[in-house]
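Everything below concerns the one structure shown next.
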Amino acid sequence: MGLYVLRRLVLAVPTLLGVTVVVFALIRVIPGDPARLVLGLQASEAEVQRLRSELGLDRPLPAQYARFVARLIRGDLGRSIATGEPVAREIASRFGPTVQLAVASTVLATLAGISVGVLSATRVYSWVDYVAMGVALFGVSLPVFWLGLMLILLFAVQLRWLPAGGYGTLAHLVLPTVTLAAFSVAIVARMTRSSMLEVLHQDYVRTAWAKGLTARAVVLRHALRNALIPVITVIGLQFGALLGGAILTETVFAWPGMGRLLVGAIVARDYPVVQGVVLVFAGLFTLVNLAVDLLYAYVDPRIHYG
Amino acid sequence: MSRVLQSLALASLVASLLALPQGPVTAQSVPRQLRIAVGVDADRLDPAEQTTTTVANMVDYMFETLVDLHPTKLTVVPRLATRWQISRDGLTYTFTLRRGVRFHDGTPLNAEAVKFTMERLKDPRVAMALRFLVTPVQAVEVVNDTTVRFRLSKVTPTFLADLSTTQFAIVSPAAVQRAGDRWRSAPVDGGTGPYMFKEWRRGDSIVLERNPNYWGQKPLFDEVVFRVVPDAGTRLAQVLAGDVHMAMLPPAPDVRGLRRNPQVKVVEAASDRVVFVAMNTQWGPFRDVRVRQAMNYAVNKKAILASVLFDLGTVSDSPCPPMMFGYHKVREGGWPFSPGRAKELLAQAGYKDGFEVNFFTPTGRYIQDFQFAQAIAGQLRNVGVRANVTTMDWPSYVAMIQTPLERTRVQMLVLGWAWPVLDCDGVLYGQFHTASHPPRGLGPAFYTNPRVDQLLDQQRAEANVERRKALLKESQEIIWNDAPWIWLWTQKWYVVTARNLEGVLIHPIEKWTALCEPQEPAVGHHCVNWR
């Protein structure tokens with residue numbers, strides 16, 4: 001098992017290197033000059049050129065890339081063009097809020113999604129099932145932006161129960177979590193439902209019923225445990241994606257996460273920040289995938305690596 | 001099933017309990033904390049490196065300049081300097097500093113600090129965007145503790161107005177040296193302003209605290225918090241929910257309703273940002289002045305302002321916005337709307353059947369930009385000009401504007417121009433002088449007129465105020481009738497505030513003031529107030 005983990009981590013390095021090449025190239029191919037964008041329309045061309053030279057943006061691309069990699073090996077992600085701050089510090093300041101939101105909405109999606117999915121599967125084709133899947137359809141279809149604004153209008157402006165966006169207390173976490181989880185709950189619920197339906201028809205489940213076990217024991221201990229593998233995959237992927245930020249939710253709720261950092265950097269053509277954030281995100285995503293794979297082995301004793 | 005209901009009830013109870021610490025603002029007492037929702041996060045807090053007006057606005061709470069611009073009269077008024085003398089040749093300015101002013105770190109404001117600040121602005125390691133503003137300063141001399149002398153290399157009629165911009169704010173040499181590398185992200189104790197830097201939570205908020213030793217009127221609030229809220233709808237929701245006391249630029253379509261809403265106040269005023277459609281005067285039909293004038297006749301600006309911009313603009317009656325020095329009203333009420341006249345002129349120029357043209361516009365950069373571009377295209381179609389509206393993201397747009405004439409695909413585009421110094425030179429030279437053709441400058445009309453060039457060069461070197469105004473007047477008349485632009489409007493800048501917040505003013509350079517402003521020395525200070 002240990003060897004397996006090691007092998008996976010080693011294989012991640014060329015993947016991440018490939019990511020840096022692609023991002024490096026892509027962000028420079030699109031039109032837009034970071035120096036001009038920092039200094040604004042009214043700055044003189046001479047001043048813009050001076051900044052461009054200072055940032056090394058007028059050197060040939062391979063030289064710029066080499067400089068980037070050399071710094072990376074030393075653990076230095078460079079400095080933001082817009083703020084002059086180390087990229088690592090910019091990312092670190094957004095990391096906490098991003099993780100909070102990712103964890104909270106994943107936990108909500110997992111609990112709510114699996115509950116609804118199990119409920120649907122055990123009462124399949126009943127009105128409970130149809131209502132649940134109908135709500136799931138809404139969750140997947142509602143635009144995040146719209147849902148967020150509606151929740152703000154209702155709970156913050158009308159009822160004044162919760163703050164209208166922002167970051168800080170537990171109260172600030174509620175609405176963004178619900179908004180973000182809406183989509184995931186739907187996916188997890190549907191996945192659980194279909195996976196459970198498959199499992200519930202298996203022979204060993206029938207055996208469990210025949211043995212006279214309670215419904216709870218059959219459904220939760222025997223059926224759900226076996227149905228979880230595809231569900232874990234979905235949850236893992238969702239969580240991994242959320243670690244890269246959730247730009248729409250962050251914008252609507254003024255949440256200081258990585259999504260806004262990344263999109264803001266792209267709009268400002270802040271090359272070091274874009275490269276840094278994407279790299280960090282790719283690394284985290286790789287780790288999450290590895291964790292999910294290890295989780296399979298824990299959940300299903302038949303699976304082992306090595 | 002009942003367990004589910006129980007959980008829901010519990011959840012809403014918890015939610016309402018959690019809401020308690022963040023209660024809404026009560027009407028009676030002055031809040032301890034003034035909360036303002038802004039649309040952008042700061043990039044740098046060093047006054048010298050300011051490029052965005054909103055960020056400069058926040059920095060203004062902490063740092064002050066030698067002189068200020070009166071928000072409505074637009075005259076130069078004292079701030080950290082109480083008196084000044086200008087030599088007859090216009091090359092020497094001597095300032096007397098206010099006595100007893102201290103920086104937040106306790107060190108005194110003196111001529112040394114002014115000299116340090118100015119020399120710092122010339123340092124290439126400080127990324128001052130509008131460096132040309134400080135280039136004329138050849139030397140700064142310390143005469144004594146409270147007297148400082150500037151020697152300029154050339155006559156600069158706008159020098160005093162330039163000194164009022166945030167970049168020229170006086171900083172404490174000790175604080176700058178103490179902060180070193182971290183100065184631009186944490187300018188601790190470096191200013192003289194009514195509030196001091198406390199904390200910057202990136203992407204979230206900037207927190208300032210009251211300066212107990214401020215030389216002017218005592219600051220009203222213990223703390224000022226700028227909340228970063230990128231979405232205009234959410235900003236508005238925060239004001240309506242009572243989470244913040246003021247929000248800049250709520251969504252334009254909501255403004256009419258907000259003007260009638262008794263819970264809030266909309267504070268709006270004309271800004272110096274002129275919005276226009278630039279026509280590439282070196283391309284096809286636009287080479288003919290009659291075609292350009294026809295385009296102006298074809299567009300009904302008043303109608304568009306009323307129905308697409310919700311009255312958030314004022315029709316242009318000159319190439320230069322009204323509040324700038326040297327403004328001359330060329331045509332009362334703006335260019336008249338007359339589709340008949342437009343068709344006549346087009347026919348005279350040989351375009352009886354109109355022509356096709358590409359029409360670029362940004363989205364979200366100016367008030368209702370994408371929307372009014374489509375409205376304009378519709379009106380142009382009525383006179384036979386078929387404009388294809390295209391949009392793109394801002395950086396790509398800037399790159400497109402900067403393309404030189406040989407390679408540009410620009411035929412017609414929407415742009416806005418705001419100059420931080422309220423002087424017509426900024427607009428006229430920056431957009432209509434041959435030297436401002438891209439890529440050297442940002443005048444995408446590629447307009448060139450030798451007489452205009454001559455006039456603009458002359459006014460730059462003219463120290464006499466009346467002669468300068470005459471030169472500017474003549475250039476405005478020539479440019480207006482040459483119509484390199486479809487003259488549209490100047491935007492209004494606006495904020496929405498809680499009903500109790502009084503005395504918020506809007507500066508034409510797209511700033512708000514929610515502080516004590518020195519107006520006339522005799523009248524005393526104007527202060528923002530809570531009722």
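Values in this text are rule-based calculations from the coordinates and carry no lab data. Source: prediction; values computed, not measured. Using ideal geometry, Cβ is built from the backbone for each residue, glycine included, and neighbour counts are taken over all protein chains shown.
A few comments on the model shown:
- Region B:396-438-region B:457-474 distance, computed between alpha-carbon centres (Å): 22
- For B:165, B:75, order by how many other beta-carbon atoms lie within 10 Å, fewest first: B:75, B:165
- Scoring A:246-258, B:498-510, B:45-57, A:14-26 by mean Cβ neighbours within 10 Å over their residues and listing the highest first yields A:246-258, B:45-57, B:498-510, A:14-26.
- Taking the Kirkwood radius as Rh and the Cα radius of gyration as Rg, chain B has a ratio of Rg/Rh equal to 1.00.
- Taking every alpha-carbon pair under 8 Å whose residues sit at least 6 apart, chain A reaches a relative contact order of 27 percent.
- Other protein chain Cβ atoms within 10 Å, averaged over every residue that makes up A:148-154: 3
- Label separation (residue B:198 vs residue A:194): 5.3 nm, computed from points 7 Å beyond Cα along the C-beta direction.
- Highest to lowest packing among B:167-176, A:40-49, scored as the average C-beta count within 10 Å: B:167-176, A:40-49
- Using the alpha carbons alone, the radius of gyration of region A:1-136 stands to its Kirkwood radius in an Rg to Rh ratio of 1.20.
- Per-residue average of Cβ from other chains inside 10 Å of B:177-189: 1
- Burial ordering of B:482, B:231, fewest other beta-carbon atoms within 10 Å first: B:482, B:231
- Counting every alpha-carbon pair across region B:132-184, the share separated by more than 19 Å comes to 43%.
- The calculated FRET efficiency for residue B:386 paired with residue A:140, based on their beta-carbon distance and R0 = 35 Å, is about 0.25.
- Furthest towards positive pole of dipole, A:66, A:53, A:39, structure part region A:16-73, Cβ charges: A:66
- Largest to smallest principal axis extent of the C-alpha atoms in the protein assembly as shown, angstrom: 107, 73, 61
- A Cα-only calculation for region B:90-202 places Rg and Dmax at 14.4, 45 Å.
- Distance (nanometres) between label positions extended 7 Å along Cα→Cβ at residue B:135 and residue B:457: 1.6
- Per-residue average of Cβ from other chains inside 10 Å of B:233-240: 6
- Extension reserve of the residue B:99-residue B:502 stretch, reckoned as 0.36 nm per residue once the Cα distance is removed: 142.0 nm
- Relative contact order computed over chain B (Cα-Cα under 8 Å; 6+ residues apart), in percent: 18
- Taking packing as the residue-averaged number of other Cβ atoms within 10 angstrom, the listed peptides B:94-104, B:116-126 run from highest to lowest as B:94-104, B:116-126.
- Listing B:320, B:424 from fewest to most neighbouring C-beta atoms within 10 Å gives B:424, B:320.
- At 1.002 mPa s and 20 °C, Stokes diffusion of chain A via Kirkwood alpha-carbon radius, µm² per second: 96
- Normalised by 2.2 N^0.38 Å, with N the number of residues, the alpha-carbon radius of gyration of region A:16-73 equals 1.26.
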